[in-house]
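The values are calculated or read from the model by the stated rules, or taken from the named source; none is laboratory data. Keep in mind it's a predicted model, so treat the numbers as computed, not measured. No Cβ is skipped: glycine too gets one built from the backbone with ideal geometry, and neighbour counts run over all protein chains shown. Note: areas computed on protein heavy atoms with side chains; ligands, DNA, RNA excluded. Shrake-Rupley method; radii C 1.70, N 1.55, O 1.52, S 1.80 Å.
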Amino acid sequence: QVQLVESGGGSVQAGGSLRLSCAASGHTFSSRAMGWFRQAPGKEREFVAAISWSGGFTYYADFVKGRFTISRDNAKNTVYLQMNSLKPDDTAVYYCAGARGTGVVSLKDYDYWGQGTQVTVSS
């Protein structure tokens, strides 16, 4: 069993930065790939970024490449999402998730989810 708690969301102006954190409990965290998804009002939840269990491989949605960076600290059971150059279109609830296997870009690849943290970017 893995429990995930996100933090670090908030309101920021366009061009600003935020760092999201996802604290995990449970002994399987370090053996799981982890991902970030987001869901804007009226839209489906979409993949943002993922990182392999070792941190050696990262994956990004095209719309965040060069702006967002995912990282993890297995000693702290925490995964991070550094978000720079934020745009109003980045406004959404951001969710941390734990992958069940090697797939990382689809919702079905994940079996553990956090409660989400709101990110609001104003123009």
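Just the protein heavy atoms count here, and of the accessible area of the chain at 1.4 Å, carbon and sulfur take up 49 percent. Shape class for the chain: prolate, because the ratio a/c of the largest to smallest gyration tensor axis (alpha-carbon atoms, square roots of eigenvalues) is 1.5 or more and a/b beats b/c.
Between residue 69 and residue 108, the modelled labels are 3.4 nm apart [label points 7 Å from Cα along Cα→Cβ]. Ligands, DNA and RNA aside, residue 93 has an accessible area near 40 Å² when probed at 1.4 Å.
Rolling a 1.4 Å probe over the protein chains gives residue 87 an accessible area of about 100 Å². Packing, as the average of other Cβ atoms within 10 Å across residues, places the peptides 19-25, 6-12 in the order 19-25, 6-12, highest first. Placing +1 on the Cβ of each Lys and Arg and -1 on the Cβ of each Asp and Glu in region 26-123, which of 88, 29, 42 has its Cα farthest towards the positive end of the resulting dipole? Selected residue: 29.
In the context of the full set of protein chains, the chain has a per residue accessible area of 50 Å² (1.4 Å probe). For region 49-54, 3J(HN,Hα) computed residue by residue from phi via the Karplus equation (6.51, -1.76, 1.60; θ = phi - 60°) reads 7, 8, 9, 5, 4, 8 Hz, glycine and proline entered as x.
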